[in-house]
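Working notes, beginning with the structure itself.
What follows draws every value from the coordinates through simple rules; no lab data is involved. Because the structure is predicted, anything quoted here is derived from the model rather than measured. Cβ placement follows ideal geometry from the backbone for every residue including glycine, while neighbour counts extend to all protein chains displayed.
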Amino acid sequence: MSDRNYTSLKWRVHARRHPSAFLLAAQLLSMLAYPLFEPSGGGRVVFGAFGVLVLALAVWVVNRSPAIKWIAWIIAVPAFVLSVLSVLFASPDLLIASSALEAALYFYAAGSLIAYMMSDHRVTADELFAAGATFTLLAWGFAYAFLVCQAWYPGSFIGAERPGEPRTWLELLFLSFTNLSAVGLGDILPISPAARVLTMFEQLAGVGYIAAVVSRLIGLTILRNDRP
């Protein structure tokens, strides 16, 4: 077997064993790439391209979890199409529609991964990757929900810089991560009733996820390590 074939086989084995790791890596890479292109105005295009990749990986991971697969495809197909069209044509309406569908898909994928992690009493390496991927899926899902909220209710969010302008995608994602993790830095604030309701739902999701899922994985890992 040649080195190329061996490397390809090794990556396929890793992909089958740890699909959640690839999803988590794609999400983290997209966050690293976005600030590099945002000053030149290409940030949305880059993030949109990564978004299409993440959507594909999310559906792939859902297909490997005990979820209803056809629901993921019903959400994913129009989300794929609208996401690509919103990048190509820079249309605000297409962006809002694709954001709503992407939020729905990320929430569904997060729920599927939670069901996958809760389905047995054995903690695998992929379940640990799934814990990180689920957190980022929830953060992205709420960030897209914030984007839709801002479009429907202008002025829903205010920031320390440029307070009268709409928040950028990266700012809303930053708000989502700080809110979900209960850090709450407070330089971006929800001020409309709809935005505050969404924020409260995300806070509840973050606390519930840590309490029900992460603590369970930690407890099972400790029990496994304590066994003789």
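Observations on the model:
- For the stretch 84-132: rounded, prolate or oblate by the Cα gyration tensor [a/c cutoff 1.5]: prolate
- FRET efficiency for HIS121 and VAL183, using Cβ-Cβ distance with R0 set to 25 Å, rounded to 0.05: 0.20
- Overall shape of the stretch 115-228 was characterised from the C-alpha gyration tensor. The equivalent ellipsoid obtained from it has semi-axes of 35, 12, 11 Å, in decreasing order.
- Length gained when the stretch ALA56-VAL81 is fully extended (0.36 nm per residue, less Cα-Cα span): 7.8 nm
- Note on VAL197 and ALA90: their simple-model spin labels are 3.4 nm apart, each label 7 Å out from Cα toward Cβ.
- Put a dot 7 Å past the Cα of ALA211, heading toward its Cβ, do the same for THR168, and the two dots end up 3.6 nm apart.
- Remark: spin-label model distance ALA25-ALA160 equals 3.5 nm, labels positioned 7 Å along the Cα→Cβ axis.
- The calculated FRET efficiency for the pair ILE74 and LEU204, based on their C-beta separation and a Förster distance of 22 Å, comes to about 0.25.
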